[in-house]
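The next block holds one structure in the form of structure tokens; read it before the comments.
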Amino acid sequence: MAISENQLTTWSSIGSIQQSATTYQSIKSVLNDPKAPYCGRSFENFLQGSYGNDTNVWRDSDVDIVMRLSSVYYSDTSRLTPADKAHYDKNFSRAEYSFALFKQEVGGWLTDNFGKGVDASGKAIFVPGSGNRRDADVLACAEHREYITYPSTGQPTYREGIVFWKGDGTQIVNYPKQHSANCSNKHQATDGYFKPTVRIFKNIRNRMIENGWLQEGVAPSYFLEGMLSNVPNSLFGNGYQQTVISCFNHIYGMQDKSQLTCANGIHYLVRPGHSVCWSPDHHATFMEAFKNHWNAF
């Protein structure tokens with residue numbers, strides 16, 4: 001048995017976008033208010049996650065917003081040659097303003113504007129919804145630079161991302177802009193099939209959770225997007241049923257999944273012991289549950 005084309009077409013549809021747009025604009029206007037305590041600093045904000053990548057489905061709730069400090073950046077110089085590292089060290093100067101203070105000020109400003117329901121205790125600052133505004137997570141972070149070269153003359157080259165710290169002090173470096181750009185490129189290269197296929201996989205995951213086939217948290221949307229980004233473009237098309245089967249069989253049949261990458265094209269997708277990677281056990285659990293649910297539908 002298999003899930004019908006009509007059902008898959010329904011699940012391929014994008015979820016509500018009006019409320020997410022209203023939420024983003026409402027919070028963005030507060031974040032960019034010139035009266036904010038950090039307003040003299042250089043920063044930017046943008047959507048990430050399902051709403052930012054147009055892969056949201058009707059069950060999605062929170063709107064994810066990145067609030068990135070740019071006037072202060074943190075560096076990874078491990079790839080530099082000794083000579084380039086010496087040039088970097090010569091030009092290095094420690095900033096007086098810190099990420100910790102930035103997050104504190106962002107959290108305080110959001111609390112002033114949205115009330116005591118704002119919670120800044122986690123890795124992201126939770127802003128509760130009200131009226132037409134959805135719940136939102138504002139990720140206060142800083143610019144991160146992974147330096148590739150730092151010559152004595154000319155401009156250095158580096159990979160730009162974001163960095164933040166979890167409550168236990170663990171540093172997380174990620175690349176949401178590269179993730180979003182690669183998903184859009186994949187969508188175009190598959191004649192518009194990639195993002196609807198992601199939504200189908202997300203809806204099937206949600207149904208499995210609701211029916212007890214899968215535990216919550218085993219298959220985050222971020223990793224589903226990453227998994228499908230590794231499928232060859234030629235396997236997308238000829239209807240949603242064929243696309244889902246081809247995509248699943250391609251990943252399921254791989255003997256070595258350790259070289260798969262996240263949608264950002266930088267981090268590995270399936271590796272043990274890394275906070276930015278999908279654990280092999282969780283990935284395998286999702287794949288088996290998906291197969292069994294598909295065959296029993």
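Return yes when I251 is in contact (Cβ under 8 Å) with a residue 24 or more places away in the chain, open to solvent by 40 Å² or more (accessible area, probe 1.4 Å) and of a type outside the set (K, R) and no when it is not.
no
Out of (1) in contact (Cβ under 8 Å) with a residue 12 or more places away in the chain; (2) open to solvent by less than 30 Å² (accessible area, probe 1.4 Å), the odd one out for V118 is which?
Of (1) in contact (Cβ under 8 Å) with a residue 12 or more places away in the chain; (2) open to solvent by less than 30 Å² (accessible area, probe 1.4 Å), only one is false for V118: (1).
So if I check each of S121, S93, S98, S78, which one is modelled with pLDDT under 95, polar (S, T, N, Q) and farther than 17 Å from W165 by Cβ?
S93
What residue, of Y97, Y24, Y73, is touching a strand residue (DSSP E or B) at 6+ places or on another chain (Cβ under 7 Å), farther than 30 Å from N206 by Cα and not in a loop (DSSP other than H, G, I, E, B)?
Selected residue: Y73, the only one of Y97, Y24, Y73 that is touching a strand residue (DSSP E or B) at 6+ places or on another chain (Cβ under 7 Å), farther than 30 Å from N206 by Cα and not in a loop (DSSP other than H, G, I, E, B).
Could you check region 82-99 and list, in sequence order, the residues that are open to solvent by less than 70 Å² (accessible area, probe 1.4 Å) and out of contact with any Cys (no Cβ under 8 Å at 6 or more places or on another chain)?
Once the filter is applied, which keeps residues that are open to solvent by less than 70 Å² (accessible area, probe 1.4 Å) and out of contact with any Cys (no Cβ under 8 Å at 6 or more places or on another chain), region 82-99 yields A83, D84, K85, A86, H87, Y88, A95, Y97, S98.
Looking only at region 219-235, which residues are assigned to a helix (DSSP H, G or I), open to solvent by less than 20 Å² (accessible area, probe 1.4 Å), of a type in the set (A, V, I, L, M, F, W, C) and closer than 19 Å to D62 by Cβ?
L224
Would you mind stating whether E216 is assigned to a loop (DSSP other than H, G, I, E, B) and either free of Cβ contacts under 8 Å to residues at least 60 places away in the same chain or farther than 30 Å from Q171 by Cα (or both)?
So E216 fits the description; yes.
Being assigned to a loop (DSSP other than H, G, I, E, B) and not small (G, A, S) is the filter here; which residues of region 256-275 pass it?
Result: D256, K257, Q259, L260, C262, N264, I266, H267, L269, R271, P272, H274.
Here is a yes/no grid of residues against (1) out of contact with any His (no Cβ under 9 Å at 6 or more places or on another chain); (2) touching a residue at least 60 places away in the same chain (Cβ under 8 Å); (3) farther than 25 Å from Y51 by Cα; (4) outside any helix (DSSP H, G or I):
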{"position": "I148", "(1), (2), (3), (4)": "yes, yes, yes, yes"}
{"position": "I162", "(1), (2), (3), (4)": "no, yes, no, yes"}
{"position": "G167", "(1), (2), (3), (4)": "yes, no, yes, yes"}
{"position": "V173", "(1), (2), (3), (4)": "no, yes, no, yes"}
{"position": "N182", "(1), (2), (3), (4)": "yes, yes, no, no"}
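The values are calculated or read from the model by the stated rules, or taken from the named source; none is laboratory data. Since the model is a prediction, treat every value here as computed from it, not as a measurement. For neighbour counting, all protein chains shown are included, and Cβ atoms are generated from backbone atoms with ideal geometry for every residue, glycine included. We work out accessible area using only protein heavy atoms, side chains counted, and drop any ligands, DNA or RNA first. Shrake-Rupley method; radii C 1.70, N 1.55, O 1.52, S 1.80 Å.
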